[in-house]
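Asker: Sharing a structure here in structure tokens format.
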Amino acid sequence: MSRRAVVIGAGVAGMLAAAALSAAVDEVTVLERDELPDGPAHRRGLPQGRHAHLLMAGGLAAMDGLVPGLSVREHLLAAGAREVALGSGMVALTPEGWFRRWRHEGPRMLTCSRALLDWAVREAVLGRTGVRLVRADVLGPTGTPGRVDGVRAATADGEEVFGADLVVDAGGRGSRLLTWLDGMGVTGVRTRTVDAGLVNATRVYRTPEGAGDFPMTVLHADPYAGRPGRSGMVLPIEGDRWMVSLGGTRGGEPPADSETFLRYARELPHPIVGRLISGAEPLTDVRVGRGTSNVRRHLERARNWPEGFVVLGDALATFNPVYGQGMSVAALEARLLGEEVRRAGAGAPGLARRAQRRMAGPVDAAWAMAVSQDVLYPDTRGGTAGAADRLVASYARRLTRAATGSYPAAAALWDLTSLLAPPTRLLRPTALLAALTGPALPPLSGPPLTPAEHATLRRLTAGGG
């Protein structure tokens, strides 16, 4: 008997879910409301699409098993994405000091514009699977309260019903999930929101001549100082460009105009970001993004859950984008969904509930990382730091301080932030010992740049006046 699946949303989460399902069902249809560009261009349905995005090693590893016969890493690099080794290719200032650059490269992440990533993933899935993409505005699921058997959608030809053995909601932050669940008799779903009020301001620059190999530069916000957090990063992206993103939590928001954008960058805890861009040519205006709260729907705890309906990606949980977790979590969720469907079949009893419960695992890890930091900022809404949060924060500070001069501590943090390991990674003996003994090397007095990189920084600073 033919098995069919319908995926709502053609973003990264939706296309990865479609790829995972394509190996286990006969027909996969993706329904997307937006008109999609033919190339890497911004589209309306990606509210954070103009800001910095990171694809962590854990998410990339999950992606590489989803599209048949394709290395997503190689595909994205060929499209222009840049690869950054966390151990050697990044300059980072934390609240506990500068991280060192080690000879060991550590996990690698990819950096590019969200437009490129969205387009490249979509093209890979459509080109290598039998997935069908239809432009349609989904009106709601069909079926009975106990089983979803398709969706109703408005298309160019009028209202249609797309029947399916499995429906996946990957509709993002704009999903009408709770309304749909209410109509299916699924009520009382616990939703938690933690909002530090982060505002992103982003501008794209041409990479200055001779600075193409300058390391990715990150100034982390300080959640322990009792004042609004402020951060900045210079991210290499495709097309010989730098994406420069400044962030500030509630009360410390970055500006939206070019003159004060540069001033804000120079007044960060270290002026390196401001110095770099003072001599760079801007290619865009400053773009401001809000709507960065952490939102989680605990669907895995629902008393009753309809057969044939699964939720993943931002429709399930969103994270403060400063931590770079969203796309990687979506990839891990898609992989888990594919495993369940291949094992039991798309129409198997209990499949949707099992998949939903398994997907809570990667959500738990990312949520703990983001929220444990965000609750520490003043004026955060939806959560305050309790005794457990402060205990976790104290240990995280100690381990971060150790990581400024201890390779085992740095490696533990890389594994966690890359989503290669769960939070328990920080409790392994090597990490515990590193946190206890502290950094083996003295703190750095400034960014760990090579002589050539120092010369580039001086040249750009002089060029900017």
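Asker: Any idea which residue in segment 413-443 is modelled with the lowest pLDDT, counting only those that are surrounded by fewer than 16 Cβ atoms within 10 Å (Cβ to Cβ) and either of a type in the set (S, T, N, Q) or over 30 Å from TRP367 (Cα atoms) (or both)?
Answerer: Of everything passing the filter in segment 413-443, THR424 is modelled with the lowest pLDDT.
Asker: Going through segment 385-410 one residue at a time, which ones are in contact with a helix residue (DSSP H, G or I) (Cβ under 8 Å, 6 or more places away or on another chain), of a type in the set (Gly, Ala, Ser) and over 18 Å from ALA225 (Cβ atoms)?
Answerer: Once the filter is applied, which keeps residues that are in contact with a helix residue (DSSP H, G or I) (Cβ under 8 Å, 6 or more places away or on another chain), of a type in the set (Gly, Ala, Ser) and over 18 Å from ALA225 (Cβ atoms), segment 385-410 yields ALA402, ALA403, SER406, ALA409, ALA410.
Asker: Determine the pairs where a residue that is free of Cβ contacts under 8 Å to residues at least 24 places away in the same chain and closer than 15 Å to LEU110 by Cβ, located within segment 404-420, has a partner that is among the charged types (D, E, K, R) and assigned to a helix (DSSP H, G or I) with Cβ atoms under 9 Å apart, the partner being 6 or more residues away or on another chain.
Answerer: Every condition considered, no pair remains.
Asker: Right, another one. Hey, could you check segment 195-208 for residues that are closer than 28 Å to ALA317 by Cα and in a loop (DSSP other than H, G, I, E, B) and say which is nearest to the chain's Cα centre (by Cα)?
Answerer: Among residues in segment 195-208 that are closer than 28 Å to ALA317 by Cα and in a loop (DSSP other than H, G, I, E, B), the one nearest to the chain's Cα centre (by Cα) is LEU198.
Asker: Shifting gears a bit: Of the residues that sit in segment 361-384 and are surrounded by fewer than 19 Cβ atoms within 10 Å (Cβ to Cβ) and out of contact with any Gly (no Cβ under 9 Å at 6 or more places or on another chain), which one is nearest to VAL310 (Cα to Cα)? Before you say what the answer is, go through the steps one by one.
Answerer: Narrowing segment 361-384 to residues surrounded by fewer than 19 Cβ atoms within 10 Å (Cβ to Cβ): 361, 364, 368, 378-379, 381-384.
Of the ones still in play, those that are also out of contact with any Gly (no Cβ under 9 Å at 6 or more places or on another chain) are 361, 364, 368, 382-384.
On the way: GLY361: 15, ASP364: 17, ALA368: 23, GLY382: 26, GLY383: 28, THR384: 31 Å.
If we take residues in segment 361-384 being surrounded by fewer than 19 Cβ atoms within 10 Å (Cβ to Cβ) and out of contact with any Gly (no Cβ under 9 Å at 6 or more places or on another chain), then GLY361 is nearest to VAL310 (Cα to Cα).
Asker: Could you say which residue among GLY171, GLY158, GLY197, GLY146 is surrounded by fewer than 20 Cβ atoms within 10 Å (Cβ to Cβ) and either in contact with a Lys or Arg (Cβ under 8 Å, 6 or more places away or on another chain) or in contact (Cβ under 8 Å) with a residue 24 or more places away in the chain (or both)? Steps first, answer last, please.
Answerer: Values: GLY171 fails: surrounded by fewer than 20 Cβ atoms within 10 Å (Cβ to Cβ); GLY158 fails: either in contact with a Lys or Arg (Cβ under 8 Å, 6 or more places away or on another chain) or in contact (Cβ under 8 Å) with a residue 24 or more places away in the chain (or both); GLY197 fails: surrounded by fewer than 20 Cβ atoms within 10 Å (Cβ to Cβ).
One residue alone meets the criteria, GLY146.
Asker: Please specify each residue of segment 178-213 satisfying the condition of being hydrophobic (A, V, I, L, M, F, W, C) and touching an Asp or Glu at 6+ places or on another chain (Cβ under 6 Å). Even if it seems obvious, please write down each step before you answer.
Answerer: Step one: of segment 178-213, the residues hydrophobic (A, V, I, L, M, F, W, C) are 178, 180-181, 184, 186, 189, 194, 196, 198-199, 201, 204, 211.
Matches in segment 178-213: VAL194, ALA196, VAL199.
Asker: Would you check which residues across segment 340-355 are in a helix (DSSP H, G or I) and without any contact (Cβ under 8 Å) to a residue 60 or more places away in the chain and list them?
Answerer: Going residue by residue through segment 340-355, those that are in a helix (DSSP H, G or I) are 340-344, 351-355.
Of everything in segment 340-355, those that are in a helix (DSSP H, G or I) and without any contact (Cβ under 8 Å) to a residue 60 or more places away in the chain turn out to be GLU340, ARG343, ALA344, ARG353, ARG354, ALA355.
Asker: Does ASP64 qualify as being among the acidic types (Asp, Glu) and within 22 Å of SER418 (Cα to Cα)?
Answerer: On the way: among the acidic types (Asp, Glu): yes; within 22 Å of SER418 (Cα to Cα): yes.
Yes.
Asker: Out of (1) out of contact with any strand residue (DSSP E or B) (no Cβ under 7 Å at 6 or more places or on another chain); (2) over 22 Å from LEU457 (Cα atoms); (3) at pLDDT 95 or above; (4) crowded, with 20+ Cβ neighbours inside 10 Å, what's the single condition that is false for PRO223?
Answerer: Among (1) out of contact with any strand residue (DSSP E or B) (no Cβ under 7 Å at 6 or more places or on another chain); (2) over 22 Å from LEU457 (Cα atoms); (3) at pLDDT 95 or above; (4) crowded, with 20+ Cβ neighbours inside 10 Å, the lone unmet condition for PRO223 is (3).
Asker: To continue, here is another question. What about ALA211, is it over 24 Å from the mean Cα position of the chain (by Cα), assigned to a loop (DSSP other than H, G, I, E, B) and crowded, with 20+ Cβ neighbours inside 10 Å?
Answerer: On the way: over 24 Å from the mean Cα position of the chain (by Cα): yes; assigned to a loop (DSSP other than H, G, I, E, B): yes; crowded, with 20+ Cβ neighbours inside 10 Å: yes.
The answer is yes for ALA211.
Asker: Which of the residues spanning segment 315-326 are touching a strand residue (DSSP E or B) at 6+ places or on another chain (Cβ under 6 Å) and either of a type in the set (Gly, Ala, Ser) or in a helix (DSSP H, G or I) (or both)?
Answerer: Result: ALA315, ALA317, VAL322, GLY324.
Asker: Please determine whether any residue of segment 446-458 is closer than 30 Å to GLY252 by Cα, free of Cβ contacts under 8 Å to residues at least 40 places away in the same chain and touching a Leu at 6+ places or on another chain (Cβ under 8 Å).
Answerer: No.
Asker: Kindly provide the set of residues from segment 90-139 that are assigned to a loop (DSSP other than H, G, I, E, B) and surrounded by fewer than 19 Cβ atoms within 10 Å (Cβ to Cβ), ordered by number. It would help to see each step written out before you state the result.
Answerer: Of all residues in segment 90-139, those assigned to a loop (DSSP other than H, G, I, E, B) come to 95-96, 99-107, 112-113, 129-131, 136.
Across segment 90-139, the qualifying residues are PRO95, TRP102, ARG103, HIS104, GLU105, GLY130.
Asker: If you go through segment 3-21, how many residues are closer than 16 Å to GLY163 by Cα and either out of contact with any strand residue (DSSP E or B) (no Cβ under 7 Å at 6 or more places or on another chain) or assigned to a helix (DSSP H, G or I) (or both)?
Answerer: Total meeting the criteria: 3.
Asker: Taking segment 27-40 on its own, how many of its residues are more than 22 Å from the chain's Cα centre (by Cα) and more than 22 Å from ARG152 (Cβ to Cβ)?
Answerer: 1
Asker: PRO362: under 17 Å from the mean Cα position of the chain (by Cα) and in a helix (DSSP H, G or I), yes or no? Reasoning before the result, please.
Answerer: Values: under 17 Å from the mean Cα position of the chain (by Cα): yes; in a helix (DSSP H, G or I): yes.
It is true that PRO362 is under 17 Å from the mean Cα position of the chain (by Cα) and in a helix (DSSP H, G or I).
Here's the yes/no breakdown for (1) in contact with a Lys or Arg (Cβ under 7 Å, 6 or more places away or on another chain); (2) aliphatic (A, V, I, L, M); (3) over 29 Å from ALA411 (Cα atoms); (4) modelled with pLDDT of 95 or more:
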position: ASP34; (1), (2), (3), (4): yes, no, yes, no
position: ARG43; (1), (2), (3), (4): no, no, yes, no
position: LEU60; (1), (2), (3), (4): yes, yes, no, no
position: LEU66; (1), (2), (3), (4): yes, yes, no, no
position: MET90; (1), (2), (3), (4): no, yes, no, yes
position: THR94; (1), (2), (3), (4): no, no, no, yes
position: HIS104; (1), (2), (3), (4): no, no, no, no
position: ASP118; (1), (2), (3), (4): no, no, yes, no
position: ARG132; (1), (2), (3), (4): no, no, yes, yes
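Asker: Given VAL30, VAL6, VAL25, which one is surrounded by 18 or more Cβ atoms within 10 Å (Cβ to Cβ), more than 24 Å from PRO236 (Cβ to Cβ) and touching a Lys or Arg at 6+ places or on another chain (Cβ under 6 Å)?
Answerer: Working: VAL30 fails: touching a Lys or Arg at 6+ places or on another chain (Cβ under 6 Å); VAL6 fails: touching a Lys or Arg at 6+ places or on another chain (Cβ under 6 Å).
Answer to the check: VAL25.
Asker: Answer with yes or no whether ALA388 is without any contact (Cβ under 8 Å) to a residue 40 or more places away in the chain, of a type in the set (A, V, I, L, M, F, W, C) and surrounded by fewer than 22 Cβ atoms within 10 Å (Cβ to Cβ).
Answerer: yes
The values are calculated or read from the model by the stated rules, or taken from the named source; none is laboratory data. Please read these numbers as outputs of a predicted model, since none were measured by experiment. Methodologically, a virtual Cβ is constructed for each residue, glycine included, from the backbone with ideal geometry; neighbour enumeration extends over all protein chains shown.
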